[in-house]
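Only one structure is covered here, and it is reproduced in the block below.
The values are calculated or read from the model by the stated rules, or taken from the named source; none is laboratory data. All of these numbers come straight from a predicted model, not from anything done at the bench. FYI the Cβ positions are ideal-geometry reconstructions off the backbone, even for glycines, and counts take in every protein chain you see.
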Amino acid sequence: MSLLESLNSQLEPNPNIAALKPGDTVKVHARIVEGDRERVQVFQGTVVRMRGGGPAASFTVRRIASHGVGVERTFLLHSPRIDKVEVTRRAHTRRAQLYFLRQRRGKAARLKEKRRR
């Protein structure tokens, strides 16, 4: 067994991170260090992509900030800086990467909500 495989097997999934899929609207609670203080910053938006697997897995969240400016932020899935990830809404998508949302504005950028069974 290689060193990388042994490290991957020791990695325990964070129970505060829900199973994510592209199209989910999430709230990411990330710890930020400012000088000697540490605080939690919430970044809410739509998961645009999931990338990789294992300890190197990451996901990108897109939100619309003030004045209609789109902001995308990429988080490492197993980062110790992430306190928790809450899924507030699940949407039906047919793509793994939702890059087409970058060109859409307003109501055209909405995704259809997934029905519960």
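Here GLU5 fulfils each of the conditions (1) of a type in the set (Asp, Glu); (2) in contact (Cβ under 8 Å) with a residue 12 or more places away in the chain; (3) part of a helix (DSSP H, G or I) apart from (2). Against the numbered list (1) surrounded by fewer than 13 Cβ atoms within 10 Å (Cβ to Cβ); (2) under 12 Å from VAL47 (Cα atoms); (3) among the aliphatic types (A, V, I, L, M), ALA108 comes up short only at (2).
Does ARG117 meet the test of being of a type in the set (Lys, Arg) and surrounded by 12 or more Cβ atoms within 10 Å (Cβ to Cβ)?
Details: of a type in the set (Lys, Arg): yes; surrounded by 12 or more Cβ atoms within 10 Å (Cβ to Cβ): no.
No.
Taking the criterion of being in contact with a Gly (Cβ under 7 Å, 6 or more places away or on another chain), surrounded by 15 or more Cβ atoms within 10 Å (Cβ to Cβ), modelled with pLDDT under 95 and under 28 Å from LEU7 (Cα atoms), no residue of segment 48-91 qualifies. Somewhere in segment 30-37, is a residue within 18 Å of PRO80 (Cβ to Cβ), out of contact with any Ser or Thr (no Cβ under 8 Å at 6 or more places or on another chain), surrounded by fewer than 13 Cβ atoms within 10 Å (Cβ to Cβ) and of a type in the set (A, V, I, L, M, F, W, C)? Yes; the residues of segment 30-37 include at least one that is within 18 Å of PRO80 (Cβ to Cβ), out of contact with any Ser or Thr (no Cβ under 8 Å at 6 or more places or on another chain), surrounded by fewer than 13 Cβ atoms within 10 Å (Cβ to Cβ) and of a type in the set (A, V, I, L, M, F, W, C).
Among the residues of segment 33-90, those identified as in contact with a Lys or Arg (Cβ under 9 Å, 6 or more places away or on another chain) and among the acidic types (Asp, Glu) are GLU38, GLU72, ASP83, GLU86.
Taking only segment 98-117 into account, find how many residues are within 19 Å of LYS27 (Cα to Cα) and either touching a helix residue (DSSP H, G or I) at 6+ places or on another chain (Cβ under 6 Å) or not in a loop (DSSP other than H, G, I, E, B) (or both). Residues that pass the stated criteria total 3.
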